[in-house]
Every structure is written in structure tokens, then in C-alpha cells.
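The values are calculated or read from the model by the stated rules, or taken from the named source; none is laboratory data. Quantities reported herein were computed from a predicted structural model and do not represent experimental measurements. For neighbour counting, all protein chains shown are included, and Cβ atoms are generated from backbone atoms with ideal geometry for every residue, glycine included.
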Amino acid sequence: MRIVLQRVREAAVHVPRDDADDEVVGAIGRGVLLLVGVGKGDTEADADALVRKIGALRIFPGRTPMDRTLADVGGACLVVSQFTLLGTVRKGNRPGFDRAEDPARAEALYEYVAAGLRAQGLEVATGRFAATMAVHLVNDGPVTFVLEAEDGRVR
């Protein structure tokens, strides 16, 4: 499982509708935007390891530039599914997505990540799985980390 974490001042996910206005399906103020890619063979143990790490990361300023956790600052999470994080571009010019998990299993693990963050007492908003989305964000820092888990451990 791969998650790109970006510290944000605010973020929102818009989904196009048939009329002129997009629908805002998730929005947060201060916190983190989490782009979640679920790969073949990823497990709930992988998701649990990443959720624990995200909750414990000291990435907000306090006495030092990286001193406080999401909970410490009352931050929220915007969780967005992004299968393209598992894409490969080694051969040819068209990305391959054979490492990405089957959509039904990927959606279950994506929802599992969001539920795990909520269980930590964090405010969580989500995108819409498998939808075409526009993600609007204001980076804070910018601070960006790529987190990966395999065999129930963060790598």
C-alpha cells in the first residue's frame, strides 16, 4: 500500500456533475491530504500500520518545525483513492497498472484506512472511489511524504 501524505492548510475534492457546478464530496481545513494507492496483495495489516504511522507523525510546527501530531493541532484527513500511485512507466510510454488491486478489494481497503483514522478520533473526509475527481489543496510548507507498507510494516 502506498500513501502520499501532504500537509495542507485546506483541501477539497470536487466531482463533476451534469450541470455546470461540481459537487464537493469532501473538504477539510488544516490537516493532511492522503492519496491512497492499494496494490495487489495489500492487507488490513498494511493499512493498520500506515494508519498508526499517520496518527503518530509529528509533522506540524510546535516548539520545533516538526513537533506536533494531527491530533495535537486538531487537524483533519482528506482521504482520496488514487490507483495511479501503483502505476509503472518502465516499458513504453503508456503507464501500466497491473500492480493495482482489483477495484472491489481496493475500495474495501481504502474505506478501511478512512475508518482506522476515524477510530483514532480524527476528523476524516473522503473523495468518491473510482470517480473522476478534482482535488483542490493549499499546501502547507510544502510538506510531503510517501509512506509504504508491506507485510504489515511501514517501509
>> So in the range 124-144, with the set limited to residues that are touching a Lys or Arg at 6+ places or on another chain (Cβ under 9 Å) and within 15 Å of residue 79 (Cβ to Cβ), which one is surrounded by the most Cβ atoms within 10 Å (Cβ to Cβ)?
In response: 124
> Name the pairs whose Cβ atoms lie under 8 Å apart, with the first residue in the range 125-145 and on the phi > 0 side of the Ramachandran plot, the second part of a strand (DSSP E or B), and 6 or more positions between them or separate chains?
Replying inline: 130/81; 141/7
> Of all the residues that make up the range 95-114, how many are in a loop (DSSP other than H, G, I, E, B) and either farther than 23 Å from residue 134 by Cβ or among the aromatic types (Phe, Trp, Tyr) (or both)?
Replying inline: 5
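Output the number of residues of the range 115-135 satisfying the condition of being hydrophobic (A, V, I, L, M, F, W, C), assigned to a loop (DSSP other than H, G, I, E, B) and farther than 25 Å from residue 57 by Cβ.
2
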>> For the range 98-123, give me each residue that is at pLDDT below 95 and surrounded by 15 or more Cβ atoms within 10 Å (Cβ to Cβ).
In response: 99, 100, 101
> Got a sec? Which strands (runs of 3 or more DSSP E) wholly within the range 1-92 have at least 3 residues that are surrounded by 21 or more Cβ atoms within 10 Å (Cβ to Cβ), touching a helix residue (DSSP H, G or I) at 6+ places or on another chain (Cβ under 8 Å) and at pLDDT 95 or above?
Replying inline: 2-15, 31-37, 76-81
>> The conditions are (1) polar (S, T, N, Q); (2) closer than 15 Å to residue 26 by Cα; (3) in contact with a helix residue (DSSP H, G or I) (Cβ under 6 Å, 6 or more places away or on another chain), and residue 132 fails exactly one of them. Which is it?
In response: (3)
>> Against the conditions (1) of a type outside the set (Lys, Arg); (2) in contact (Cβ under 8 Å) with a residue 40 or more places away in the chain; (3) farther than 20 Å from residue 153 by Cβ, where does residue 57 fall short? Just the number, please.
In response: (3)
> Mind checking which residues of the range 145-155 are exposed (fewer than 15 other Cβ atoms within 10 Å of the Cβ) and small (Gly, Ala, Ser)?
Replying inline: 152
> Given the conditions (1) of a type outside the set (Ser, Thr, Tyr); (2) under 15 Å from the mean Cα position of the chain (by Cα); (3) part of a strand (DSSP E or B), which single one is not true for residue 142?
Replying inline: (2)
> Taking interchain pairs and intrachain pairs at least six residues apart, which have beta carbon atoms under 9 angstrom, with the first residue in the range 97-123 and under 11 Å from residue 79 (Cα atoms) and the second of a type in the set (Phe, Trp, Tyr) and surrounded by fewer than 20 Cβ atoms within 10 Å (Cβ to Cβ)?
Replying inline: 110/129; 111/129
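Only one of 121, 127 is out of contact with any strand residue (DSSP E or B) (no Cβ under 9 Å at 6 or more places or on another chain) and either of a type in the set (Lys, Arg) or farther than 21 Å from residue 152 by Cβ (or both); which?
After applying the criteria, what remains is 121.
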